[in-house]
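Enquirer: Take this structure first; my questions come after.
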Amino acid sequence: MIPLSEPTFAGNEAQYLQECVDSGYVSSVGPFVERFEKTFAATIGASHAVACSSGTAALHVALRLAGAEPGRLVAVSDFTFIASANAVAYTGADVLLVDSECATWNMDTELLHDEVCRRARRGERLPDVVEVVHVLGHPARMEPLLELRERFDIRIIEDAAESLGAEWCSGPVAGMSVGTVGDIGCFSFNGNKVITSGGGGMLVTADAEVAARAKHLTNQAKLDGTTYHHDTVGYNYRLNNISAAVGLAQLERLHVAVRAKRAIARRYHDGLGSLPLGLAPGASWANPSYWLYSLLVYENMPGPDHVVSALAERDVQARRVWPPLHEQAPYRPTERIGGDVSEKLYRLGLSLPSSAHLTEADQATVVHALTDVLR
């Protein structure tokens, strides 16, 4: 079976893990945590980075620091993994789901911009925070959100869990990496992501005070010193030294992983272009990292469930994309803007094998299998 997405271990992982064992630093205290944070910040051009136990933990802390709490409203991408909305629910804030745009599959930020301006004119409730997700490795369009922040002081959280290595290549944020444009950016290092620490996440910000508060909250809000005094409700969201060691080794080869992902995307583009498929988005103003190469099966073709099953019979693992959040049980009553696009993405979308070490021969097998299924 050619897997959907496996981690690639080709660097200093074993060496760094042995250093953890030899030193005895295997928990949240240890030199690799700080090294991982500093190297990560430098790699993506952020001022500060705080390692967390998961990408969801990073989102939870980021949302709390952005002011999400009961009585507040957070706009969230409708087409995303459920953790994006769950992190909002943890804070007690209300969720406003925002549909996708067809061009990138990301939040339709123009749609949200126009809705916020309409609500402002009518004196209606505005979102206090926007959590925009850079879906499947493609940056979202940020300019409308930056205008909302300027006009209405709406905080911006970037959920970049799937898009490490992606950046904008034109426009006002050209040259910037995902996660560094909003007030706080959040990343995931789950086993199937662009790089992994086995499990873990990272919060980045340009604000030193926000970074210090995030570090404080992830450590049970424990005050400095050796006694057990805490000034607020905190969380056990620290990343351990072993995970940080793996993450650092992976980060040292991020450029290799992203280059491989982009090469895989180019080969899929070339190999699948003649099939009845909508290929993975790639806006002219963006440089995606193509975490999972995902596409749409045309309406008149067998549905993605059939395609996934037929590929499995040919030893190729594919996967449906997520249902929109407004179709998930916890969020069915949630207020939303639009929804037709996210429903179409789910109805037609699937992801293909995208491991960074996917060989050209295995990728040719995937292309041949998909061609066989659709013709």
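Please treat every number below as a calculation from the coordinates, not as lab data. Worth saying up front: this structure is predicted, and the values here are computed from it rather than measured. We place every Cβ from the backbone using ideal geometry, glycine too, and count neighbours over all the protein chains shown.
Enquirer: Restricting attention to region 165-179, which residues are over 13 Å from the mean Cα position of the chain (by Cα) and either hydroxyl-bearing (Ser, Thr, Tyr) or not in a strand (DSSP E or B) (or both)?
Expert: Once the filter is applied, which keeps residues that are over 13 Å from the mean Cα position of the chain (by Cα) and either hydroxyl-bearing (Ser, Thr, Tyr) or not in a strand (DSSP E or B) (or both), region 165-179 yields Cys169, Ser170, Gly171, Pro172, Val173, Ala174, Gly175, Met176.
Enquirer: Just give me the residues in region 26-76 being under 21 Å from His216 (Cβ atoms), of a type in the set (Val, Ile, Thr) and in a strand (DSSP E or B), in sequence order.
Expert: Answer for region 26-76, where residues must be under 21 Å from His216 (Cβ atoms), of a type in the set (Val, Ile, Thr) and in a strand (DSSP E or B): just Val50.
Residue-by-condition table, conditions (1) free of Cβ contacts under 8 Å to residues at least 12 places away in the same chain; (2) surrounded by 21 or more Cβ atoms within 10 Å (Cβ to Cβ):
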site	(1), (2)
Ala244	no, yes
Ala260	no, no
Tyr293	no, yes
Glu313	yes, no
Gln317	no, no
Arg320	no, no
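Enquirer: Another question about this same structure. Could you say whether any residue in region 81-98 is farther than 21 Å from Tyr331 by Cβ and surrounded by fewer than 17 Cβ atoms within 10 Å (Cβ to Cβ)?
Expert: Scanning region 81-98 turns up no residue that is farther than 21 Å from Tyr331 by Cβ and surrounded by fewer than 17 Cβ atoms within 10 Å (Cβ to Cβ).
Enquirer: Out of (1) buried (at least 21 other Cβ atoms within 10 Å of the Cβ); (2) within 30 Å of Leu254 (Cα to Cα), what's the single condition that is false for Pro304?
Expert: The number of the failed condition is (2).
Enquirer: Checking Gly92 against (1) over 25 Å from Ala211 (Cβ atoms); (2) touching a Pro at 6+ places or on another chain (Cβ under 6 Å), which test does it fail?
Expert: Every condition holds for Gly92 apart from (1).
Enquirer: Could you grab me the full set of residues in region 100-144 that are small (Gly, Ala, Ser), on the phi < 0 side of the Ramachandran plot and either surrounded by 24 or more Cβ atoms within 10 Å (Cβ to Cβ) or in contact with a helix residue (DSSP H, G or I) (Cβ under 9 Å, 6 or more places away or on another chain) (or both)?
Expert: If we filter region 100-144 for residues that are small (Gly, Ala, Ser), which is where we start, we get 100, 103, 120, 123, 137, 140.
Still in the list and also on the phi < 0 side of the Ramachandran plot: 100, 103, 120, 140.
Ser100, Ala120, Ala140 - these are the residues of region 100-144 that are small (Gly, Ala, Ser), on the phi < 0 side of the Ramachandran plot and either surrounded by 24 or more Cβ atoms within 10 Å (Cβ to Cβ) or in contact with a helix residue (DSSP H, G or I) (Cβ under 9 Å, 6 or more places away or on another chain) (or both).
Enquirer: Now, a different point. Out of region 10-68, which residues are free of Cβ contacts under 8 Å to residues at least 12 places away in the same chain and farther than 15 Å from Gly247 by Cβ?
Expert: First, pick out the residues of region 10-68 that are free of Cβ contacts under 8 Å to residues at least 12 places away in the same chain: 14, 18, 21-24, 34, 38, 42.
Those that are free of Cβ contacts under 8 Å to residues at least 12 places away in the same chain and farther than 15 Å from Gly247 by Cβ: Gln18, Val21, Asp22, Ser23, Gly24.
Enquirer: For region 77-164, which strands (runs of 3 or more DSSP E) that fit wholly inside it have 1 or more residues that are under 22 Å from Asp207 (Cβ atoms) and among the charged types (D, E, K, R)? Reasoning before the result, please.
Expert: Working: elements: 94-98, 129-133, 155-159.
It comes to 129-133, 155-159.
Enquirer: Here's another thing I want to ask about it. What's the total number of residues in region 265-288 that are buried (at least 21 other Cβ atoms within 10 Å of the Cβ) and in contact with a Ser or Thr (Cβ under 6 Å, 6 or more places away or on another chain)?
Expert: The qualifying residues number 2.
Enquirer: Filter region 208-230 down to residues that are assigned to a loop (DSSP other than H, G, I, E, B) and touching a Lys or Arg at 6+ places or on another chain (Cβ under 9 Å) and give me whichever is nearest to Tyr16 (Cα to Cα).
Expert: From region 208-230, those assigned to a loop (DSSP other than H, G, I, E, B) are 220-221, 223-229; that's our starting set.
Next, only the ones that are touching a Lys or Arg at 6+ places or on another chain (Cβ under 9 Å) stay: 220, 228-229.
Numbers: Gln220: 27, Tyr228: 31, His229: 33 Å.
Among those residues, the one meeting the criterion is Gln220.
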